[in-house]
Number of protein chains: 2
Amino acid sequence: MKKSTKIDTIRHSLSHLMSMAVQELYPKVGLGVGPFIENGFYQDYDLPEVITPEILPSLEKRMKELIKENTKFEQHNMDFDEAYKFYKRDPYKTGFIDDLKAAGEKKVSFYKSGWFDNLCAGPHVSSAKEINPDAFKLISIAGAYWRGDEKNKMLTRIYGVAFETEKELEHYLWQQEEAKKRDHRIIGKNLDLFTFSDLVGKGLPLFTEKGSIIRRELERFIVDEEIKRGYKHVYTPELAKVELYKTSGHYPYYKDTMYPVMKIDEEELILRPMTCPHHFQLYASKPHSYKELPLRIAELAKQFRYEKSGELTGLMRVRSFCLADAHIICQKEQATDEINSVLDLIEYAASALGLKKEENYRYRLSLGDRTDTKKYYKDDQAWNFAENILRSVLKDRKSPFFEEENEAAFYGPKIDIQMKTFSGKEDTAFTVQYDFVMPKRFNLTYIDEAGKKQEPIVIHRSSIGAIERVMAFLIEHYAGAFPVWLSPVQVKILNITDRNLKYSEKILEELKKEGIRTELGSDNETIGKKIRESELEKIPYILIAGDKEEKNDSVAVRERGKGDLGAMELKKFIEKIKKEIESKK
Amino acid sequence: MKKSTKIDTIRHSLSHLMSMAVQELYPKVGLGVGPFIENGFYQDYDLPEVITPEILPSLEKRMKELIKENTKFEQHNMDFDEAYKFYKRDPYKTGFIDDLKAAGEKKVSFYKSGWFDNLCAGPHVSSAKEINPDAFKLISIAGAYWRGDEKNKMLTRIYGVAFETEKELEHYLWQQEEAKKRDHRIIGKNLDLFTFSDLVGKGLPLFTEKGSIIRRELERFIVDEEIKRGYKHVYTPELAKVELYKTSGHYPYYKDTMYPVMKIDEEELILRPMTCPHHFQLYASKPHSYKELPLRIAELAKQFRYEKSGELTGLMRVRSFCLADAHIICQKEQATDEINSVLDLIEYAASALGLKKEENYRYRLSLGDRTDTKKYYKDDQAWNFAENILRSVLKDRKSPFFEEENEAAFYGPKIDIQMKTFSGKEDTAFTVQYDFVMPKRFNLTYIDEAGKKQEPIVIHRSSIGAIERVMAFLIEHYAGAFPVWLSPVQVKILNITDRNLKYSEKILEELKKEGIRTELGSDNETIGKKIRESELEKIPYILIAGDKEEKNDSVAVRERGKGDLGAMELKKFIEKIKKEIESKK
């Protein structure tokens, strides 16, 4: 169990103070679990009536009073008989005592704060004066089954958030509000980027024209960049025989998240959950010399994984995704250079997408476990060697990173790129893996300088992860206001009067000829309304064409977020925006 | 049954003359079927021994003698008793007589040529002098089961080809030789463009780096061209619920060629055999006004169809392909313009790929059948209207085309783009379809100028067909010598001596910077050998760098098919090749 930090104990103690406030209102309340959690705490109650969020301010007020009274928190023990007697009217607490007894505990720990004595292992603050009364807030009420089992009674769970300072609380609450507004599912709908269909199926997004523009820009950007860096981009099938995944050894680990098998004639086919064995088949289709290594086989690879329907989340978690995938087959001695090049590419791509290291993402070094031979391929020496290489690369680059035990792939350790969402949640976006197992399984070889057969190693890596997921991140990161190169519509032309329609159409043609994605807003609306609507669509540039502009062969330019930039020669504007597109600003 | 043309009767009579030659060698030979076929004829024989192709010249020689003897072909009838008696030793011919009797025939037709009397419905030439003895050739021997049933005895089939003139025969034989050399499966292997893997599965090609370059060029070319022409390119999932195809009405027609159903939770999913219903779901995701029509939804769409393993042929016929697909949703009145635009695009794209109308492809107008209500949606008026529109468009464009009854889609008539392979075989590469059924099935609507709900029509179309198949065509069309823009390697630099290696590397960097796909052939081989090898790889340009070139900052240029172009300033060469790439020459 993780050790409690200062803020954890504050949160835990707040949950006790909340229970005091609740029990003052409902003396016979039953008490379920009440732990501290990330950013706050909760407590489950069996209440005699339904309560609504209107009750929360009065509970908060009473909690603040209890804090100001400097309520002390004091630990003491009871024996089991005493404890059962104390809670004789509460079946939940009695249940906890049963658990402790079954676990072989000798006594039951309680924390007493004022009149409230509560079965609890702690730890807690020693006095409520350690709690900042302005740095917590009760935020919501939800239902929760006793012991998480839907056959049991549903209890009432009250959630609170708490920090050490009022400023932290305010920042957190602002972040949550902002994150709600930035939810990529909402922005995706408002900006018409993607949709779902009941007839198509769960977790299978359909990209509209606008969403497809972003996707195509991302795909071409990363393919071109990878080719520039020496990757060989290929196309391989979305499915394969089950046998391929049995050969690779993936099948037992992944079969629960794979799609069902399809029988065709004598073949058992399956949608692929990863690309590596396909790339190994390409490699194995002809002999190779050491001169060809490192061989970097890359693909924008469609992959299919079964995710539970409750876990599907917009573009963030889907059942079919397109990974910017690659497998670098190289000599062991080339691994350090190759991993460095991969991290260079990842950092370059992230920065081109506007994402900052340490702020938007960070590295995690995920290690194996030498004692777990069921989960990990057994070869201690190879594991030590590989883990050291990954660690040294990160250290030598002076890249901050943290280590996590028992998070490796079954075939080797990896560096995870941990992406942080706007609301502060962190998730593995994609990985760089060192693999010393697959070359054996697929009999991958090369001929060395002496003419002898050798076994290469494989680095599995992505550069920007799954297109769907990176789009979800970017939508939230930019709140839909994409940089010009990614914007589905880069320029909107608005004519002030019908007189200027022809001139507007001429501008439209000129911009289109330059490959700039442009729309003409020629509806019969006031120019003010047209500007407001275009701003809601988060279009980077609005060009206004009136009599004056027409006379001077110019346009009045409005830039998103900056407002009116004044009149500009059309030629000048084209130069300006093309430069911005080019530089991905 | 199709009426026999002059050349058909010649071919048929040649099969009789061949049987005479065979029966002279094997008097007790049994005679199976012996029809004329495209380009020639064959005859099945039950022979007392195995024969090899060495026998063919002697048979040919004997046939030529029979021709020169002006052997007459004369029809006469026998009654059934006579016929059975005549063939009492031949169980095959007796079988044919059984068939005729069962079919209710009154007599049995025979053709007599010299001593050879043969059960046959004819027709034949009246005299062998109508046959050009220099315009036929026996080409091969194969096994064929009696009545095509593998439980029966295997007979010996001898194939011949025959034409009216010797020139036609020579052209045909040359074409066959050439087609064998151009076989995309062989060139694909020699030039390392794609491969297959037993572990991946049948009909599922893996594109290597070089094949992927061609594929990516084709994909980007057609996507960019379509976007320029007002198509909205989207991405939709490779699979959907079976329900989607039941709603569209495709399921009963296509279920035998669809992949098996995959059950996930409560959903029944299936790999898509076509894209239309996905695009309709996108359209139906929001309301539409007449102002948005025509709405052209396009996609590089992965599709999956079960093809029998015996029909799989390299990239030409696969089990998973990527179609340059689109669905134009428009008002009925817009159909003529839209179909014209589609044919404009098809002709533009074909010409950019170097394919000529009438020579490499032609149009077929595929019509419905008003009496077949099982195969075709019942709405005579709509069928007449749609067929007339397609016919008028083709006529007004003065596009040569031919009509074929009973070849339409179930939801409407279509224009098929019939592609001819180098060996002269014709196949439907892709289609343009008029659809008045799907909008009803998916309840697709738009609001007209008067604010009333209306039903649009749909044009299903491709522009270059499936990427896999167009690649197969192009490989055979160019015999692997692709135009510069499609060539996986556009330039190869060869240094004459080690002294020039640095200079060669400098050229390599400059060309790469310009986005020109360049390789450096720096092996320790003679320059002559290096040139020959590069020419086998069909690389468009070879640049030779020696002392003289290095001194003048120039390169000695060799162009594929043209040989030595002499020395050229590097800058000049870059200009030249970039212009060629740009213009797709």
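The values are calculated or read from the model by the stated rules, or taken from the named source; none is laboratory data. It should be emphasised that the depicted structure is a prediction, and the values quoted were computed from it without experimental measurement. Cβ placement follows ideal geometry from the backbone for every residue including glycine, while neighbour counts extend to all protein chains displayed. Accessible surface is based on the protein model in full, side chains and every heavy atom, while ligands, DNA and RNA are left aside. Shrake-Rupley method; radii C 1.70, N 1.55, O 1.52, S 1.80 Å.
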Q) Cα extents of region B:491-583 along the three principal axes, largest first, in whole Å? A) 36, 28, 21
**Q.** Helix-only [θ]222 nm of chain B, DSSP H runs n ≥ 4, -39500 (n - 2.57) each, per residue, nearest 500
**A.** -11000 deg cm²/dmol
Q. Which of the lysines could a cross-linker span from B:LYS129 if the Cα-Cα distance has to be under 16 Å and same-chain partners fewer than 8 positions apart are dropped?
A. B:LYS6, B:LYS61, B:LYS64, B:LYS68, B:LYS72, B:LYS112
Q: Give me the lysines in straight-line cross-link reach of B:LYS576: C-alpha distance below 18 Å, same-chain residues under 8 apart excluded.
A: B:LYS492, B:LYS512, B:LYS513, B:LYS562, B:LYS584, B:LYS585
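Stokes-Einstein D for chain A at 4 °C, 1.567 mPa s, Kirkwood Rh over Cα pairs, in µm²/s?
For these conditions, the coefficient is 45 µm²/s.
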**Q.** Inter-centroid distance (Cα atoms) of region B:255-290 relative to region B:162-233, Å
**A.** 30 Å
Q) Which stretch or stretches of region B:115-152 have amide N atoms under 14 Å from the point lying 7 Å from B:LEU25's Cα along the Cα→Cβ direction? A) B:138-142
Q: Run through the other copies and list how far each one's label point is from that of A:ARG499, in nm with one decimal, shortest first; the point sits 7 Å from Cα along Cα-Cβ.
A: 7.5
**Q.** Coordinate range along principal axes, alpha carbons of the protein assembly as shown, Å, largest first
**A.** 129, 81, 77
Q. When Cβ neighbours within 10 Å are restricted to other protein chains, what is their mean count per residue of peptide B:302-309?
A. 2
Q: Kindly flag which residue pairs out of B:LYS167/B:LYS530; B:LYS210/B:LYS572; B:LYS332/B:LYS398; A:LYS93/A:LYS425; B:LYS548/B:LYS578; A:LYS357/A:LYS579 have an alpha-carbon separation exceeding 31 Å in this structure.
A: B:LYS167/B:LYS530; A:LYS93/A:LYS425
Q) If packing is taken as the mean number of other Cβ atoms within 10 Å per residue, what is the order of B:84-90, B:235-241, A:477-483, highest first? A) B:235-241, A:477-483, B:84-90
(Q) With θ taken as phi - 60° and the coefficients 6.51, -1.76 and 1.60, list the Karplus ³J(HN,Hα) couplings across region A:457-473 in order, rounded to whole Hz; mark glycine and proline as x. (A) 10, 10, 10, 8, 7, 10, 10, 10, x, 7, 4, 4, 6, 5, 5, 4, 4
Q. Whole-Hz Karplus ³J(HN,Hα) for region B:409-424, in order, using 6.51 cos²θ - 1.76 cosθ + 1.60 and θ = phi - 60°, x for Gly and Pro?
A. 7, 5, 9, x, x, 8, 9, 9, 8, 8, 9, 9, 7, 4, 7, x
Q.
From the mean inverse distance of alpha carbon pairs (Kirkwood) and the Cα radius of gyration, derive Rg over Rh for region B:537-581.
A. 0.97
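Please compute the average number of Cβ atoms from other chains found within 10 Å of each residue's Cβ in peptide B:260-272.
5
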Q | A:ALA284/A:LYS548 FRET efficiency (R0 60 Å; Cβ-Cβ; nearest 0.05) | A | 0.30
(Q) Averaged over its residues, how many other protein chain Cβ atoms are within 10 Å of peptide B:188-199's Cβ atoms? (A) 4
Q | Distance violations [Cα-Cα > 28 Å] among A:LYS452/B:LYS181; B:LYS246/B:LYS286; A:LYS189/B:LYS440 | A | A:LYS452/B:LYS181
Q.
With the cut-off at 1.5 for a/c, could you classify region A:96-175 from its C-alpha gyration tensor as rounded, prolate or oblate?
A. oblate
Q. In µm²/s, what is D for region B:11-103 at 37 °C and 0.692 mPa s, where D = kT/(6 pi eta Rh) by Stokes-Einstein and Rh is the Kirkwood radius from Cα pairs?
A. 224 µm²/s
**Q.** Alpha-carbon centroids, region A:446-524 and region A:319-393: separation in whole Å
**A.** 28 Å
Q) In a solvent-free Debye calculation with one equal scatterer on each Cα, what is log10 I(q)/I(0) for region B:188-478 at q = 0.07, 0.08, 0.09, 0.15 Å⁻¹, listed in the order of the q values? A) -0.26, -0.34, -0.44, -1.29
Q) So how do A:220-228, B:93-101 stack up, highest first, on mean other-Cβ count within 10 Å? A) A:220-228, B:93-101
**Q.** Shortest-first nm distances, A:GLN176 label point to equivalent points in other copies (7 Å, Cα→Cβ)
**A.** 8.1
Q) In debye, nearest 20: dipole of chain A around its Cα centre with unit charges on the Cβ of K, R (+) and D, E (-)? A) 240 debye
Q. In the protein assembly as shown, carbon and sulfur make up what percent of the accessible area (probe 1.4 Å)?
A. 49 percent
Q | region B:479-524 shape via C-alpha gyration tensor axes, a/c threshold 1.5 | A | oblate
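When you have a sec, figure out the Kirkwood radius of region B:415-553 from all distinct Cα pair distances and drop it here in Å to one decimal?
19.7 Å
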Q: Compute the Rg/Rh shape ratio of region B:181-240: radius of gyration over Kirkwood radius, all on alpha-carbon atoms.
A: 1.10
Q) Roughly how much accessible area, to the nearest 100 Å², goes out of reach of solvent when B and A pair up, both sides summed, probe 1.4 Å? A) 4900 Å²
(Q) For A:LYS562, place a label point 7 Å from Cα along the Cα-to-Cβ direction in every copy; what are the distances to the other copies, in nm, shortest first? (A) 4.8
Q: Could you list which residues have their amide H under 5 Å from that of A:LYS107, counting only those 5 or more apart in sequence or on another chain, with H placed in the peptide plane?
A: none
Q) Mind ordering B:199-212, B:146-159 by average Cβ neighbours within 10 Å, highest first? A) B:199-212, B:146-159
Q: Compute the distribution of all C-alpha to C-alpha distances in region A:6-168, in bins of 10 Å from 0, and list the percent of pairs in each, rounded to whole numbers.
A: 11, 40, 37, 12, 1
Q: Under 12 Å Cα to Cα from B:LYS378, which aspartates and glutamates show up? Leave out anything in the same chain fewer than 8 places away.
A: B:ASP369
